[in-house]
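K.L.:
To start, I am sharing the structure in question, which I have written as structure tokens.
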Amino acid sequence: MSQDTLITTLFRQEVLAMSSYHVADAQGLIKLDAMENPYSWPEDLKQQWLEALRDCPLNRYPDPEAQQLKHTIRQLNHIDAAFEILLGNGSDEIIQLLLMALPTGASVLSPAPGFVMYKQLSDCLGLNYIGVPLLADSLELDLPAMLAAIAQHQPSVIFIAYPNNPTGNLFSETAIKDITRAAKGLVIIDEAYAPFANASYIDQIGQYSNLMVMRTVSKLGLAGLRLGYLVGSPTIIEQLNKIRLPYNINILTQISVNFALSNSAVFDLQTQAICADRAFMLEQLNGLGGITAYPSKANFILFKTPKNRANDIFASIKQQGVLIKNMNPQGGLLADCLRVTVGKPEENALFLEALKNSLAL
Ligand code: PMP
């Protein structure tokens, strides 16, 4: 049997039809493509962290419930004792767990454009993904369209990123509430970018039986550790816990995230700097002829380039040593759009210079 035949007989059609998640090679480039925090820690904090790791028992399996870490997360976010926390290897794993628990053919809905993993994982698991386009000018939720899609498809899960990726905005609260009331399934508010937005639904979970909040430490500055969490009803989390792999959060992550969140003042300073630089970048971008930058409450900015020039401008910026994200290939509202992460001031300056040069070509 040829390898091709073997593969087609072995694997589900959904898997064969997928393309893998593409991560661009950033070697030698200033990396402003993945919404990472550009800052590291002060030396004394690094030393304390290494101390915290020193006696970590690598020969033993980690605590399967990561109780200490959950306790720290609960304290930091003032999470009510009535709610449970589920930890994932990044919030990507939580999206996967939620979707894995659904029956084949169930519907999953999110505003579009939205975070790509909602669709990617739905497709792979044989679920029916529906993306409801945002309003073109405001990038706001199209409430009538969302409500119509909910009535038509009865989605088991609705993902709403707050702020949204890749648009960077916070959607209208009244629209989110109307959607949550209309939905018969779960509404997951994905707060990956909450540290930059000063807005959260964590304190509203108790008001709706179907509302859950998902967060990650990635954007805060711990992307390398891979930790996401879901907060909500214990009865729902109990079901998801059944399909979670027993030791999904490794011991280095448990100790390191616990240490970092117990010293979160460092992130507060970094986040403040990023938000101030975001304002500066927005102003600079909108001052460039031909560029329209969208307002952002996240640590990145989506901007529109002159018609049919996005691919060239992206390539030229890369050639000048800065990697951002080309959204143009996704089309629709993202046609002509690029997305840049807010980096250190010197990185942002190099990006702006590279963009100016590419516009002049
Ligand atoms: N949600 C949103 C909206 C995101 O943009 C991302 C990462 N780009 C994630 C979730 C996944 O984050 P992680 O797996 O690193 O926790």
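Coordinate-derived values only; no laboratory data. As the structure is a prediction and not an experimental result, all values here were calculated from the model. Ideal geometry is used to build each Cβ from the backbone, glycine not excepted, and the neighbour counts take in all protein chains shown.
K.L.:
Mind telling me which of V23, V322, V116 comes out most flexible in a GNM of the chain, alpha-carbon contacts under 10 Å?
P.N.:
V23
K.L.:
I would also like to ask the following. Pull out the extension gain between V116 and A349, defined as 0.36 nm times the separation in residues minus the alpha carbon to alpha carbon distance; nm, one decimal.
P.N.:
Difference between extended and current length: 81.0 nm.
K.L.:
While we're looking at this one, here's another question. Can you give the FRET efficiency for L6 and A82, using 1/(1 + (r/R0)^6), R0 = 56 Å, r = Cβ-Cβ distance, to the nearest 0.05?
P.N.:
0.65
K.L.:
To continue, here is another question. What distance in nm separates the simple spin-label points at C56 and L252, each placed 7 Å from Cα in the Cβ direction?
P.N.:
Placing both labels 7 Å beyond Cα along the Cβ direction yields 0.7 nm.
K.L.:
On to the next question. Rounded, prolate or oblate for the chain? Axes are the square roots of the Cα gyration tensor eigenvalues, ordered a ≥ b ≥ c, and the cut-off for rounded is a/c under 1.5.
P.N.:
Rounded.
K.L.:
Just to be sure I understand the model, the point goes 7 Å from the Cα along the line to the Cβ. What's the resulting K356 to M100 distance in nm?
P.N.:
In this crude label model, K356 to M100 measures out at 5.0 nm.
K.L.:
Now for a separate question. At R0 = 22 Å, how high is the FRET efficiency between N311 and A26 if r is their beta carbon distance? Nearest 0.05 is fine.
P.N.:
About 0.75, to the nearest 0.05.
K.L.:
Longest span of the chain, sites excluded, free of trypsin sites (Lys or Arg not before Pro) in DSSP loop with at most 12 other C-beta atoms within 10 Å?
P.N.:
No qualifying site falls inside 61-183, the longest such stretch.
K.L.:
Looking at the calculated P(r) for the stretch 57-262, what percent of the C-alpha pair distances fall above 32 Å?
P.N.:
Pairs farther apart than 32 Å: 13 percent.
K.L.:
Right, here's the next one. Would you mind pulling out the separation of the Cα centroids of the stretch 61-106 and the stretch 167-182, in Å?
P.N.:
The distance from the Cα centre of the stretch 61-106 to that of the stretch 167-182 comes to 23 Å.
K.L.:
May I ask you to list the aspartates and glutamates whose Cα is less than 17 Å away from that of K344, ignoring any residue fewer than eight positions away on the same chain?
P.N.:
Counting by Cα, and skipping residues close in sequence, K344 has these aspartates and glutamates nearby: D33, E36, D268, D277, E283, E353.
K.L.:
Continuing with the same structure: How much FRET efficiency would the formula 1/(1 + (r/R0)^6) give for A276 and E14, where r is the Cβ-Cβ distance and R0 is 45 Å, rounded to 0.05?
P.N.:
Once the sixth-power term is evaluated, E becomes 0.50.
K.L.:
Same structure again: Could you give the nm distance between label points at Q239 and E283, where each point is 7 Å from its Cα heading toward the beta carbon?
P.N.:
About 5.0 nm, to one decimal.
K.L.:
Enumerate the lysines that K184 could reach by cross-link, defined here as Cα to Cα under 28 Å, with residues fewer than 8 away along the same chain left out.
P.N.:
K119, K242
K.L.:
Could you work out the relative contact order of the stretch 57-262? I mean the mean sequence separation of Cα pairs under 8 Å and 6+ apart, divided by the number of residues, in percent.
P.N.:
The normalised contact order for the stretch 57-262 reaches 29 percent.
K.L.:
Restricting to bridges with both residues inside the chain, how much of the DSSP beta-bridge set is antiparallel, in percent to the nearest 5?
P.N.:
Percent antiparallel among DSSP bridges in the chain is about 50.
K.L.:
Where a Cα-Cα gap under 22 Å defines reach, which lysines qualify for K177, not counting those fewer than 8 residues away within the same chain?
P.N.:
Within the straight-line cut-off, K177 pairs with K297.
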